[in-house]
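A.B. asks: Got a structure for you, written out below as structure tokens; questions coming shortly.
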Amino acid sequence: VEEIFDVSTKPTIVKPRPAVSENSACGADKECVQKYLCKDQPVNEEGQIEISYRSLDEPCTYLEVCCAKNKTTETKDTVYVIPKNECGKRSEKGVTYRLMNAVNREAQYGEIPWMIALFDVSSGSHVYIGGGSLVAPDMILTAGHKVLNKAPNRLVARAGEWDTHTNKEPHPHYDRHVKSITLHPQFDIRFGVNNIALLQLTLPFSASPQIAPICLPSADNGEQLDLDACIVTGWGATSFNSTAYHNVLKKITLGLVPNAQCEATYRRLVGSKFSPHASILCAGGKQGEDTCTGDGGSPLVCPLKSSPDRYFQVGIVSAGIGCYTVYPGLYTNVMALMPWLRQQLNARSISSERLRFDHIGVLTQIQSYIYFSEMRWLISVYAALLLCSCCVESLDPDEYLNKTADNTEATAETELSLVAKKAELKEKLTSLLQPTSYTALQLGIIIDQVFTDIERKLIQKPGPAPNRPCGHRNVDGLQQPESAHSRNVSKLGEFPWMVDLMVRESNLELRITRHIGGGSLLAPNIVLTAAHKVINQSAELLLARAGEWNQLNEAEELHYQDLPVKSIILHGQFSSETTGYNIALLVLSSNFAPLPHLAPICLPSPSEVFDHARCIVTGWGKDTFQGNDYQHVMKLITVPVLPHADCVQKFDRITGRNLDTTTLICAGGEPGVDSCTGDGGGPLICPIKDTPNRYQQVGIVSWGIGCGKSNVPAAYTNVQILLPWIRQQLRRLLEPLKKCGANNENQCVKHWQCKATTSDPKFIVDLSTRSDCPYMQVCCSADNLQLEEVQEYAELEKNKVTYGFSDPNGVRMSAINRKAGITNFGEYPWTVLIYQKTNQFFTGTLIHPEIVLSVAAYVNKKTPEDYRVVAGDWDEKTTDEILANEELRVKTIQVHPAFDHNSYANNVALLFLKGHFTLMSHILPIALPKPPGKLHRHCLVSGWNQRGRSYERNLKVSMPLSVAPCSKEVQSLYCVNAAKKDLQYAEGAGMACKVDDFANEYYLIGVWSHGLGASVSKTKFVSVEAVLPWIKAEQKNYSEKQNNINVP
């Protein structure tokens, strides 16, 4: 205890550190030692040693001197008497040393004894993160943004520091680990509101000549302070664009700026919305009078008019525009937050009126201090154990999406249980701890404080998170005053999936956030938004806020939650020029907690038609295109959905641009009612039929022409069309990883998610062996995981696209030990899967990025929306391939007019897609035949075989060397001998033949029509040559309505 506290009443004798330099440049019998260790070192009239910066060619550092060896001493005879330190006492002339030639506003050594340097030691070394101030032996005051999301045991507070580049000061600095972090409950990093935090240390600092606390202000001494002679200190950057920090503590004298003047200055820069919150004050505003990056958390202190050497802390460095500019710096207003600060200090038995290092002479007082600190910790642990049965746990993503029961009664039980546990805890702890110096009343106070913290975490009034299904709209809102309800304004908690997307400004010390758009919650840690909102953003600067309603109100009964973005997933075909595929997923650092005003939105039905439906858009964007004001309260607008053909026609006429309209849905066109600037990325939601108050997301706010113009709709990304991509990404992100390795210490991941295998030019898949992992995955150690990596979209350049090209060795992945007939990945890139509504599939052939040729029998008189086409697949049961497959829905179907369902004559159909496939090495169309009557050689068909195998793959079947019509009378059919087992379930597959004997290029000659019955010996293929005129005519008709399509 005596090592921690100075319990003696006699003066303290400082034991300085021994000299460490051994510099022979001083000459014979001399050495570099710290100046105060040389007996011949002169002192001034005040007993101080004068120091100054010197040139680099001198033999010793500026804190050392060449001293004769017989004149050095290991200890200083001077006795430093440490008085009963008053808080806030500034030693203007320094302690022990006096710096004579300050060149960059350096403070004197020991001048600012309350100054604290904060370090992050997560990496194993001390990384400086900002400043703080000592307000009690074991309490540090700093800015909330400096310690947000920091683990307490990874932070170190250093007192007594001056020059960070040396340890040759006359008195040592001391480091203490942080025990706990207490942020203001209404801290808002976006606006810098209530930006304050208290750090409790594991051990208190001892009194020292250069270590003492700062005074905190009270209501009655605010007018007694000289607000024009304040001081701010820190080790921050030397200039805004500089990466160099001050090594010696700097001090800057400045005055406070009236709020009205500060507001007017900032409004000229950032707009009329700026108004300093009550928890923010301004200071400086003159060129050179400012703090900079790295000074965050440092104290702004002002002297008493009656005692100019005694200072009180009035501010904490928070933010600013640049550094050392004419714009005032923004500081946390400590005076305004004193009620909260006093409450926190009182809870720790620290009086804010008497903050000083008292030389405690009674051991029981010291024990009492230790008891109080440790007792609160003990009670917290004990309370947590008692309450574990009441805790609200985070839900698994799938559970979160699928829960349907309302648990209002369960939560009421939780609250009653909490009350009962509280009473039980008080009784048990009172009897258990009664032998200590605490009375039952004192123990009760501590227990109440602990439960207040726990209740704040466990229960957010007015109630629990109802486990309703996705898309449930709280039509009547949650705990919102009726007066706030108005037209085009949502209610609190009405749309629980809505996300406010923000970016943190990296050029500001606080990294103030600004609203950039909207998003929607698909899972507790996944947000759906528009690609154009995040394509140029760094994930680490993005913040997702759920549960927001009024952006300017910090007193909402249901509070928002903020989570940083971990990674951004853009659609591989997004183009900012054509606006196509404007979609992105944001993966968050953790899950949002399930609360009453947080829930996911439903994804749309693949086949439902939304034409003319009245749907809803929400967001915080502008009301008018020309306006400057954004909505603070979440707005609600109702718009009609337009048929796609009307949408395309309107945009073609208005814009005259080559826009990609295949992935768009249009809504709006009514005067004065529209999404607008600032709403981008937000959801367009439509009601789910026959289900009251449930909604599905059909669009994402993408772009528009002005806002609210009559007969001019807005463009939204069509979520329905891009549903396959969304589902593929969600499966990849939410599916649990399988354990592998000798002790299950590793994880099974996709090839591209393991750094140990991504360097290989081609991934080898051995089909003859089995391991702990699925055959296309690898067993990866934790240090090689890169789980956020996604499959590539390796789009080919137009001049490198060869229709019908086949790579027999596979594309980026090669399968070895294949059984007969199994292909390599991407070997026949024109073969596609066509899924029906029942998820049964057949095969087709890609003849253009937007056109598939297949059989008429499966699509005749069917609804196009019931079909989806997948290109680039290999194993139909997984998505583990090295390159991503793509999926598009069918827009229109054209069946051959002479198709006969009984005879299967002309059994072909064209499927025109909603969008176009990206041309990649494993997704390529095949060429159509050109010279009629050519002898077809080296022909084959590829498709998927379903014979109960454990996995089904793209199956290549070798065909006869020559192909001929079935008969002279029927020239439109080819007959091919083939084994039934090799072609089962491959209807619609294309038969391709080599262009010549040596090239790996193919052209299409047939479409598998029928055959392989019990008494059928030959398989029938429709001749593509015979139906080629019809294909060309349909292509021409379609191209007149769409962009020009030319089928090679």
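A.B. asks: Consider ILE700 carefully, then state whether it is in contact with a helix residue (DSSP H, G or I) (Cβ under 7 Å, 6 or more places away or on another chain) and in the same structural domain as GLY493 (by TED's automatic domain parsing).
C.D. replies: no
A.B. asks: Could you give me the residue pairs with C-beta distances under 8 Å whose first residue belongs to segment 202-221 and is more than 26 Å from THR332 (Cα to Cα) and in a strand (DSSP E or B), whose second residue is among the aromatic types (Phe, Trp, Tyr) and at pLDDT 80 or above wherever it lies, and which are 6+ apart or on separate chains?
C.D. replies: Hits for this filter: SER208/TYR174.
A.B. asks: Now for a different question. Answer yes if at least one residue in segment 287-299 is farther than 23 Å from VAL147 by Cα and buried (at least 24 other Cβ atoms within 10 Å of the Cβ), and no otherwise. It would help to see each step written out before you state the result.
C.D. replies: So in segment 287-299, the residues farther than 23 Å from VAL147 by Cα come out as 287-289.
Imposing the further condition that a residue be buried (at least 24 other Cβ atoms within 10 Å of the Cβ) reduces the set to none.
No: zero hits.
A.B. asks: Yes or no: ALA1014 at pLDDT below 75, assigned to a loop (DSSP other than H, G, I, E, B) and more than 54 Å from the chain's Cα centre (by Cα)?
C.D. replies: Numbers: at pLDDT below 75: yes; assigned to a loop (DSSP other than H, G, I, E, B): yes; more than 54 Å from the chain's Cα centre (by Cα): yes.
Yes; evaluated as a whole, the condition is true for this residue.
A.B. asks: Please return the ranges of strands (runs of 3 or more DSSP E) entirely within segment 232-334 where 3 or more residues are under 33 Å from the mean Cα position of the chain (by Cα) and closer than 19 Å to VAL193 by Cβ. Outline the logic, then answer.
C.D. replies: Details: elements: 250-254, 280-283, 299-303, 311-319, 329-333.
Here the list reads 280-283, 311-319, 329-333.
The rows are residues; the columns are (1) surrounded by fewer than 17 Cβ atoms within 10 Å (Cβ to Cβ); (2) in a loop (DSSP other than H, G, I, E, B); (3) out of contact with any strand residue (DSSP E or B) (no Cβ under 7 Å at 6 or more places or on another chain).
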residue: VAL639; (1), (2), (3): no, no, no
residue: ASP674; (1), (2), (3): no, yes, no
residue: GLY680; (1), (2), (3): no, yes, no
residue: LYS689; (1), (2), (3): yes, yes, yes
residue: GLY708; (1), (2), (3): no, yes, yes
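A.B. asks: Please verify whether LEU833 is of a type in the set (A, V, I, L, M) and either over 41 Å from the mean Cα position of the chain (by Cα) or part of a loop (DSSP other than H, G, I, E, B) (or both), treating the condition exactly as stated. Don't jump to the end; show me each part of the working.
C.D. replies: On the way: of a type in the set (A, V, I, L, M): yes; either over 41 Å from the mean Cα position of the chain (by Cα) or part of a loop (DSSP other than H, G, I, E, B) (or both): no.
For LEU833, the condition - of a type in the set (A, V, I, L, M) and either over 41 Å from the mean Cα position of the chain (by Cα) or part of a loop (DSSP other than H, G, I, E, B) (or both) - is not met.
A.B. asks: Now for a different question. Considering segment 65-87 alone, what residues qualify as being under 12 Å from GLN34 (Cβ atoms), modelled with pLDDT under 85 and outside any loop (DSSP other than H, G, I, E, B)?
C.D. replies: Scanning segment 65-87 gives a single hit, THR72.
A.B. asks: Are any residues in segment 796-835 closer than 26 Å to LYS1041 by Cβ and either of a type in the set (Phe, Trp, Tyr) or out of contact with any Gly (no Cβ under 7 Å at 6 or more places or on another chain) (or both), and if so, which ones? Give the steps one after another, and end with the answer.
C.D. replies: Our first condition is that a residue be closer than 26 Å to LYS1041 by Cβ; within segment 796-835, this holds for 798, 801, 803, 830, 832, 834-835.
Within segment 796-835, LYS798, VAL801, TYR803, TRP830, TYR835 qualify.
A.B. asks: Tally the residues that are at pLDDT below 85 and not small (Gly, Ala, Ser), restricting the search to segment 569-583.
C.D. replies: Step one: filter segment 569-583 for residues at pLDDT below 85, giving 572-573, 575-579.
Now restrict to residues that are not small (Gly, Ala, Ser): 573, 577-579.
The qualifying residues number 4.
A.B. asks: Going by what's in this entry, would PRO604 be described as surrounded by 19 or more Cβ atoms within 10 Å (Cβ to Cβ) and either of a type in the set (Ser, Thr, Tyr) or within 17 Å of GLU494 (Cα to Cα) (or both)?
C.D. replies: Numbers: surrounded by 19 or more Cβ atoms within 10 Å (Cβ to Cβ): yes; either of a type in the set (Ser, Thr, Tyr) or within 17 Å of GLU494 (Cα to Cα) (or both): no.
Here the answer is no, as PRO604 does not meet what is asked.
A.B. asks: Could you check segment 116-167 and list, in sequence order, the residues that are within 27 Å of GLN34 (Cα to Cα) and in a loop (DSSP other than H, G, I, E, B)?
C.D. replies: Passing the criteria: SER125, HIS126, GLY160, GLU161, TRP162, THR164, HIS165, THR166, ASN167.
The values are calculated or read from the model by the stated rules, or taken from the named source; none is laboratory data. From a predicted model like this one, the values you see are computed outputs, not experimental measurements. Using ideal geometry, Cβ is built from the backbone for each residue, glycine included, and neighbour counts are taken over all protein chains shown.
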